[in-house]
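J.: Sharing a structure here in structure tokens format.
Nothing in this text is a laboratory measurement; each read-out follows from the coordinates by a stated rule. Keep in mind that this is a model prediction, so the values were computed, not measured. Reconstructed Cβ throughout: ideal geometry from the backbone, glycine too, with neighbour counts over all protein chains shown.
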Amino acid sequence: MSLEEKNLPFDEYIYNDKWRSRTIDIKTYWEYHKKSVENLEEFWASIARELEWFRPWEKVLDASNPPFYKWFVGGELNLSYLAIDRHVKTWRKNKLALIWEGEPVDQTGYPTDRRKFTYYDLWREVNRVAYMLRNNFGIKKGDRITLYLPMIPELPIAMYAAWRIGAITNVVFSGFSADALADRINDSQSRLVITADGFWRRGKVVRLKDIVDKALEKAPSVENVIVYKRLGLNDVPMTEGRDWFWDKAMAGVPHNAYVEPERIESTHPSYMLYTSGTTGKPKGIVHDTGGWAVHVYATMKWVFDLRDDDIYWCTADIGWVTGHSYIVLGPMLMGATQVMYEGAPDFPQPDRWWSIIERYGVTVLYTSPTAIRTFMRFGEEWPRKHDLSTLRIIHSVGEPINPEAWRWAYTNLGYQNVAFGSTWWMTETGGIVISHAPGLYLVPMKAGTNGPPLPGFEADVVDDNGKPVPPGVKGYLVLKRPWPGMLQTIWGDPERYIKTYWSRFPGMFYAGDYAIKDKDGYIWVLGRADEVIKVAGHRLGTYELESALISHPAVAEAAVIGIPDPIKGEVPIAFVVLKQGVAGTDELRKELRQHIRNTVGPIAEPAQIYFVTKLPKTRSGKIMRRLLRAVATGAPLGDVTTLEDETSVEEAKRAYEELK
Ligand code: WT7
């Protein structure tokens, strides 16, 4: 595929008045970029020096055992200290750090449930929770704790508290099912789970603790569960001796508890986060402390240009990496004021977000293409009801943004006067890698591009042999040098780390994305090159969905693929072979969809289920999902020489047409 075929506006440069003084031409940018990567260690050291270290590093980058790179070796720091204590020591002490809005709003859309925290407020809470974790539950450095919490202030507070004492957080998205939660607790061997009784979503109560109870039937490593009363439900089942309501868990914690932040080695893991890959179970991606902090801090400055008078809002959920880097850590490293909310973009009306922007005067917005496309469908009248003129920067993340959605948001949210980019990165990179950087220099924008790689990052697009492709030609996205926020390994499986990321192209990090570079060197990421599906920006592996389907007694075999969707980017569909004697009814389709919701989570529900008697496979028995994708999208089948039985494709076609 070439740029032209995709209709990408790769030669259209967009400028606006507000950012003209920061805009530089791309040639000048590349000169600056070149210097940064040629002096990689000095470049990153100069940024790391802006943070406060308890002990300075001895070596910026230890590359003696690739691909197990180590950053800021010998250095000691503490994320909780950097995010909070550091500001409490300055005039920011009583600066507003966090503005939180719960879902309940009145008929006029006004929030009835709000909480605000200054840095000093957070400092008190974090110290008390750290004291509780350490003294009441015996949590110590290196222990894993699983956080299965909705978007409430206690989630970031618990994370800072954990990092204060060197515990490793394992946040599980509150939309995941009991099975998914159990897998993640077991793989991480967590001792403690922190959760809530429930939360609000679209006017309905989601009962979180019930899901935890179900998960714990299969997760024996957990000694204790702490339950925050978000809703105050009075029928929460509590297991004696194991489960504690938050206030009981805090028993004996002094009102002015202080926990000295531990001196954490730069290379000590701060968090792990599970994400989906091509094959096998989700992988626990492990991140260090120092490298991650430096990466996030740098990108916070360059990409979001945060200043003391900004009001920052990242609409992501902390259950994904975006929330880790750009809600929990990034804005707090900057001493910023940020907004956090519970609920959904279209409840009670499609202007919940615009009312939030207007209410707090949000200046910097970090959001997703899926959200923008959803709002496009609701129409301009919703943003028009509100004053969004405070916005000066918008960025999107999670999947490619189509030029139409970019233009819509640039005009209807940004009034054609914002810097607006699509930041490429992934769970594994720990922070943004390819992006416009209005806080540094802004190169001319183009609708739908990711822009050039940031300084200090060397990204390229290569062919099957690892050779750079010429401009305009589709290839694989790789990173050619280590970078500070990079993953350290896959929890408990270093071999898989090497195999997944560093074996396809020796010496390069394989991201798993297709991309093209244009003649200016801007990168346009096109989508996944593997079996990963991005549903509304959320990452799902076909393997998880297929094994969930197979776990149903009616199913013999299943193949799941992602197909394009105008709003969600992609949605999963499933081709299912039923066990002998089972009838493929609509009833069963419904049941299988519900089964996926229960075993993986609502986001994974297939858009359609097709019953077939066999799947297209190679002679060696590998499912040829590529052919199913061709069937569903009407694309040419391509090479079918390895296909074992051609009637399987015919059958898939028939099954597909039948439900059209
Ligand atoms: C995959 C990583 C990074 C936070 C959220 C996603 C896709 C991400 C973009 C973008 C095109 C993007 C890629 C990547 N992706 N951002 N701006 N343009 N594609 O993290 O869940 O680990 O997913 O998301 O396909 O590989 P993740």
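J.: With only alpha-carbon atoms counted, please give the Rg and Dmax of region 310-386, in Å.
T.: That works out to 12.7, 37 Å for Rg and Dmax.
J.: Another question, if that's okay. How much mean residue ellipticity at 222 nm does the chain get from its helices, if each DSSP H run of length 4 or more adds -39500 (n - 2.57) and you divide by all residues, to the nearest 500 deg cm²/dmol? Walk me through the intermediate numbers first.
T.: Working: 19 runs with 179 residues, N = 660.
Rounded to the nearest 500, the figure is -8000 deg cm²/dmol.
J.: How large are Rg and Dmax for region 496-645 when calculated on the C-alpha trace, in angstrom?
T.: 17.1, 60
J.: Roughly how big is region 428-518's charge dipole about its Cα centre, with Cβ charges of +1 (Lys, Arg) and -1 (Asp, Glu), in debye to the nearest 20? Present the calculation step by step, with values, prior to reporting the outcome.
T.: On the way: 9 positive and 9 negative charges, 24 e Å.
Dipole of region 428-518, to the nearest 20 debye: 120 debye.
J.: What's the Cα-based Rg to Rh of the chain, Rh via Kirkwood?
T.: Details: Rg = 24.4 Å, Rh = 25.7 Å.
Rg divided by Rh gives 0.95.
J.: Place a +1 charge on the Cβ of each Lys and Arg in region 109-167 and a -1 charge on the Cβ of each Asp and Glu, then give the dipole magnitude about the Cα centre in debye, rounded to the nearest 20.
T.: Values: 10 positive and 5 negative charges, 40 e Å.
For region 109-167, the charge dipole is close to 200 debye.
J.: Using the Kirkwood formula on the Cα atoms of region 6-153, what hydrodynamic radius do you get, in angstrom to one decimal? Don't skip to the end; give the middle numbers.
T.: Values: mean 1/r = 0.0479 Å⁻¹.
By the Kirkwood definition, the hydrodynamic radius is 20.9 Å.
J.: Quick one: what Rg and Dmax do you get for region 1-67 from the alpha carbons, in Å?
T.: 19.0, 53
J.: Picking from ASN136, TRP424, SER389, whose Cα lies most toward the positive end of the charge dipole for the chain (charges on Cβ: Lys, Arg +1; Asp, Glu -1)?
T.: Sorting the options by dipole projection puts first ASN136.
J.: Still on this structure: Given 25 °C and 0.890 mPa s, how large is the Stokes-Einstein diffusion coefficient of region 356-484 in µm²/s, with Rh as the Kirkwood radius over Cα pairs?
T.: Working: Rh = 16.0 Å.
Answer, rounded: 154 µm²/s.
J.: Once you put a point 7 Å from the Cα of GLU260 and another 7 Å from the Cα of LEU643, both along the Cβ direction, what distance in nm separates them?
T.: That separation, rounded to one decimal, is 6.9 nm.
J.: Let me ask something else. Do you know the relative contact order of the chain, to the nearest whole percent, from alpha carbon pairs under 8 angstrom that are 6+ apart?
T.: Values: 1430 pairs, mean separation 90.1, N = 660.
Reported relative contact order: 14 percent.
J.: Below 13 angstrom from the Cβ of ASP346, what's the summed charge of the other residues (Lys, Arg +1; Asp, Glu -1)? It would help to have the intermediate numbers written out before the result.
T.: Numbers: positive: ARG201, ARG202, ARG352, ARG373, ARG377; negative: GLU103, ASP351.
The answer is +3.
J.: When the Karplus curve 6.51 cos²θ - 1.76 cosθ + 1.60 is applied with θ = phi - 60°, which whole-Hz ³J(HN,Hα) does each residue of region 11-18 get, with x for Gly and Pro?
T.: Listing the rounded values in order: 10, 9, 9, 10, 10, 9, 4, 4 Hz.
J.: Can you pull the percent of Cα pairs in region 446-538 with separation above 17 Å?
T.: Of all Cα-Cα distances in region 446-538, 54 percent exceed 17 Å.
J.: Pairs to check: LYS70/LYS480; LYS204/LYS590; LYS27/LYS467; LYS283/LYS614; LYS281/LYS517. Give those whose C-alpha atoms are more than 26 Å from each other in this structure.
T.: Working: LYS70/LYS480 16 Å; LYS204/LYS590 22 Å; LYS27/LYS467 23 Å; LYS283/LYS614 30 Å; LYS281/LYS517 32 Å.
Pairs exceeding the cut-off: LYS283/LYS614; LYS281/LYS517.
J.: Hey, what's the Cα Rg ratio for region 113-177 versus the globular rule of thumb, 2.2 N^0.38 Å?
T.: On the way: Rg = 12.2 Å, N = 65, 2.2 N^0.38 = 10.7 Å.
It is 1.14.
J.: Between ASP387 and ASN234, what is the spin-label point distance in nm, taking each point 7 Å from the Cα along the Cα→C-beta axis?
T.: So the label points at ASP387 and ASN234 sit 4.4 nm apart.
J.: Here is a follow-up. For region 596-641, what percent of Cα pairs sit more than 18 Å apart?
T.: Values: 477 of 1035 pairs.
Every Cα pair in region 596-641 considered, those over 18 Å come to 46 percent.
J.: Then there's this: For a label point 7 Å from the Cα of SER221 along Cα→C-beta, name the residues of region 185-212 whose backbone N is under 19 Å from it.
T.: 185-195, 212
J.: Okay, moving on. Give, rounded to the nearest 20 debye, the magnitude of the charge dipole that region 469-619 has about its Cα centre when Lys and Arg contribute +1 at Cβ and Asp and Glu contribute -1 at Cβ. Write down the numbers at each step before the final one.
T.: On the way: 20 positive and 16 negative charges, 84 e Å.
Charge dipole, region 469-619, about its Cα centre: 400 debye, nearest 20.
J.: Could I ask something else about it? With unit charges on the beta carbon (Lys/Arg positive, Asp/Glu negative), name the residue among THR585, ALA630, GLY601 whose Cα is farthest towards the positive pole of the charge dipole of region 538-641.
T.: Farthest towards the positive pole: ALA630.
J.: Hey, another quick one. Using Cβ counts within 10 Å as a stand-in for footprinting exposure, how do ASP513, ASP463 rank, fewest first?
T.: On the way: ASP513 21, ASP463 14.
In order of increasing Cβ crowding within 10 Å: ASP463, ASP513.
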